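What follows is a single structure, and I will ask about it in a moment.
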């Protein structure tokens, strides 16, 4: 069975896995070759990039974008590292300008990320909402990174965000899906009147099973970075994530068996061999 494409605003992609480009290091320096190999193994068609100028170049003057096949990947510029709506809006504009110059379709959209503090890196709901409202007025296709808060997620959708991206757990924590009940509620509410509305679980993924769980809950996709880049073997982990996204989608749509308190025999009890001495 083929997994259907995911549709977000004007975009459509075969892969439901979105991957980041940060934290690929060797001896403390960016390892772009490793990043490129991991991206390929992930099967992703969308890669997200923090577009602030100081993050695009390393000490040797090499640009991250030089190591990405822009004919293969749609770049999702993000506003990572912003702690106010004002900074996030500025970063989004910079991303649009940069990608328009490169002719990449990712110029149309932005992953909006406005953080509350440097310790938890949790989203700031008030600043996120304000930034989303402003960027939507400027014509951006906004994918809003949010807390796993059903009320906030409803408000971001109502505002006009093309996708809401509730966190699984804090960025880079590897804790997986900490609150599956909230994720389920978010999915139920955001899809109640629009089943095709895309909800993407973002952040906190530690391993392939976390991706599968997110998809089994009903998420339309998963965005991750550290789970691959921080693995002992990023390329092998990227391949695992590729399989996990498909496995989770298929399992969700296959329909799992209900949980039961007691055992239920796989084979019928009738006609079994009688115990010795019973005849």
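Laboratory data are not the source of any read-out in this text; all were calculated from the coordinates shown. Note that this is a predicted model, so its numbers are computed, not measured. No Cβ is skipped: glycine too gets one built from the backbone with ideal geometry, and neighbour counts run over all protein chains shown.
Starting from the Cα of residue 25, step 7 Å along the direction of its Cβ; do the same at residue 7; then give the gap between the two resulting points in nm.
Between residue 25 and residue 7, the label points sit 4.2 nm apart.
Given a cut-off of under 8 Å on Cα pairs at least six residues apart, what relative contact order in percent is computed for the chain?
Numbers: 527 pairs, mean separation 49.4, N = 279.
Computed over the chain, the figure is 18 percent.
A follow-up question, please. State the extension gain, in nm to one decimal, for the chain segment bounded by residue 194 and residue 34, taking 0.36 nm per residue of separation less the distance between their alpha-carbons. Spell out each step's value before the answer.
Details: separation 160, 0.36 × 160 = 57.60 nm, distance 3.94 nm.
Here the answer is 53.7 nm.
Here's another thing I want to ask about it. Can you tell me the order of 190-198, 170-178 when each peptide is scored by its average per-residue count of other Cβ atoms within 10 angstrom, highest first? Working shown, then result.
Working: 190-198: 13.2, 170-178: 17.4.
By packing density, highest mean first, the sequence is 170-178, 190-198.
Could you calculate the contour length gain from residue 83 to residue 62, that is, 0.36 nm times the residue separation minus the distance between their Cα atoms, to one decimal place in nm?
Working: separation 21, 0.36 × 21 = 7.56 nm, distance 2.69 nm.
Residue separation times 0.36 nm, minus the Cα-Cα distance, leaves 4.9 nm.
Quick one: helix 125-137 against the long Cα principal axis of the chain, what's the angle to the nearest 10°, folded into 0 to 90?
Approximately 60 degrees, to the nearest ten.
Any idea what angle helix 85-102 forms with the longest principal axis of the chain, computed on alpha-carbon atoms, 0 to 90 degrees, nearest 10?
Value to nearest ten degrees: 80.
Over all alpha-carbon pairs of the range 11-252, lay out the pair-distance distribution in 5 Å bins, whole %, shortest bin first.
Reading upward from the zero bin: 1, 7, 15, 19, 21, 19, 12, 5, 1, 0, 0.
If a paramagnetic tag sat 7 Å from the Cα of residue 71 along the Cα-Cβ line, which residues of the range 87-119 would have the backbone N under 15 Å from that point?
Residues 103-105 qualify, since their backbone N sits under 15 Å from the label point.
On to the next question. Working out 0.36 nm times the residue gap between residue 265 and residue 181, then minus their Cα-Cα distance, what length gain in nm do you get to one decimal?
27.3 nm
Expressed as an acute angle from 0 to 90° and rounded to the nearest 10, what is the orientation of the C-alpha long axis of helix 234-254 relative to the principal long axis of the chain?
60
For the range 146-238, go through all pairs of different Cα atoms, get the mean of 1/r, take its inverse, and jot down that Kirkwood value in Å. Intermediate results must be reported in sequence, preceding the final value.
Values: mean 1/r = 0.0757 Å⁻¹.
Roughly 13.2 Å, rounded to one decimal.
Have a look at the DSSP beta bridges in the chain and tell me what percent are antiparallel, nearest 5.
Around 20 percent of the beta bridges assigned by DSSP in the chain are antiparallel ones.
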